[in-house]
Amino acid sequence: MKTVHKHVIPTGPDGLELQLPQGFRLLKAEYLLVSKQVCCWIEVPTDPRLPLSALQLRLFRSGDGIPAAYAYVDTAIDALAPEAWHLYARQQEASRQVA
């Protein structure tokens, strides 16, 4: 079984750090006009025995320097302003093994 979680991504340099079960899948990023925030949706397996992986999500504007360790996920566009946020992810090794 699996489920989908929504996460708000901060625009600052620290981004968002998550601990997710292995087998997760980043689905989409979107700029929400009502809250003026970028959100992403992540599909995660619900098996509590799966090891966890650390995932760092970070937003970059067009023209920003992006570290090589980050992989592109999606672009979120503010339809009312000339603003675009590009969501990148950096995944780390499994952080917890469940017996």
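Say whether the condition of being at pLDDT 95 or above, within 30 Å of ALA81 (Cβ to Cβ), of a type outside the set (Asp, Glu) and surrounded by 14 or more Cβ atoms within 10 Å (Cβ to Cβ) is met by at least one residue in the stretch 43-53. No, the stretch 43-53 contains no residue that is at pLDDT 95 or above, within 30 Å of ALA81 (Cβ to Cβ), of a type outside the set (Asp, Glu) and surrounded by 14 or more Cβ atoms within 10 Å (Cβ to Cβ).
LEU32 satisfies every condition listed in (1) farther than 23 Å from MET1 by Cβ; (2) among the aliphatic types (A, V, I, L, M); (3) in contact (Cβ under 8 Å) with a residue 12 or more places away in the chain; (4) surrounded by 12 or more Cβ atoms within 10 Å (Cβ to Cβ) except (3). If the condition is being in a loop (DSSP other than H, G, I, E, B) and touching a Leu at 6+ places or on another chain (Cβ under 8 Å), then the stretch 1-17 contributes PRO10, THR11, GLY15. A residue that is closer than 19 Å to TRP41 by Cβ, modelled with pLDDT under 95 and in contact with a Leu (Cβ under 7 Å, 6 or more places away or on another chain) can be found somewhere in the stretch 81-97.
The values are calculated or read from the model by the stated rules, or taken from the named source; none is laboratory data. Everything numeric here is computed off the predicted structure, so don't read it as measured data. No Cβ is skipped: glycine too gets one built from the backbone with ideal geometry, and neighbour counts run over all protein chains shown.
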